[in-house]
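Report on one structure; see the data block that follows.
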Amino acid sequence: MSFSSRALLVALFAASVSVAVGCDRNGDKPKAQVGAPVDPVAAAKGANHELLGLDTASSKVGFVGAKVTGSHEGSFGGFTGSVDLTDGKIEGSQVTISIDMSTVSIPEQKLQDHLKSPDFFDVAKFPKATFQSTEIRKQDGAAGATHWVTGNLELHGVKKSIGFPAKITLDAGAVTANAEFVINRKDFGIVYAGMADNLIKDDVVIKFSVNATRKKS
């Protein structure tokens, strides 16, 4: 093989890796602010509360993980949650979600089993992940975000405060919330590196679209 042929092959390989890295869909999402767990902001005295259960049939919780050769999108089939709507407003209300980590679903069965193992979620030791908001405030932002949500995420036995933008709407029939943001898996003790020639990226996109139906008066 001539020098020029070898150079062309090297260039093509480099380009293919660049494309794979560039298409992981993790780089264009806002990064969550991560810190120590915080206490919820107390509701005003005398506040009226309306407790709404999440409609799991119309709600979704998922993630996108990436490695050098591409990305994988997964979801969780089992979760419950509620919205404690305070004084009929989003601000000052609280969202709670509990996820059954054993219900992780991804198209590749071998990868799905690996995600359940101690290398990743270790579902036998850490069967649930939970999120409880501690503050929701108005904030206009990119991609149609209407609020900034702060809350405590407990994942893989590690509990930290995270903050992220979300689009939240409230009407007479329901509360809906949609968000996509990035967390660093190593912040929560998930440190498996992957294969030497196919390393796993630290950033993971968290995606959720949740709906809580209001009771008819």
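A short reminder: the numbers here are calculations on the coordinates, not readings from a lab. All values reported here derive from a predicted model rather than from experimental measurement. As a convention, Cβ positions derive from the backbone with ideal geometry for all residues, glycine included, and neighbour counts pool all protein chains shown.
Here are the numbers:
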| item | result |
| --- | --- |
| Mean Cβ neighbour count within 10 Å, used as a protection proxy, ranking 128-140, 173-185 highest first | 173-185, 128-140 |
| Likely footprinting exposure, S93, S105, S82, fewest C-beta neighbours within 10 Å first | S105, S82, S93 |
| Relative contact order (%) - segment 61-166, alpha-carbon pairs under 8 angstrom, separation at least six | 19 percent |
| Global size of segment 41-169 as Cα Rg and Dmax, reported in angstrom | 16.5, 55 |
| Expected-Rg normalisation [2.2 N^0.38 Å, Cα atoms] applied to segment 174-213 | 1.66 |
| Straight-distance crosslink candidates among lysines, where the alpha carbon sits under 19 Å from K29 and sequence neighbours closer than 8 are dropped | K60, K67, K167, K186, K201, K207 |
| Dimensions (Å) - segment 146-200, Cα atoms, principal axes, largest first | 52, 24, 17 |
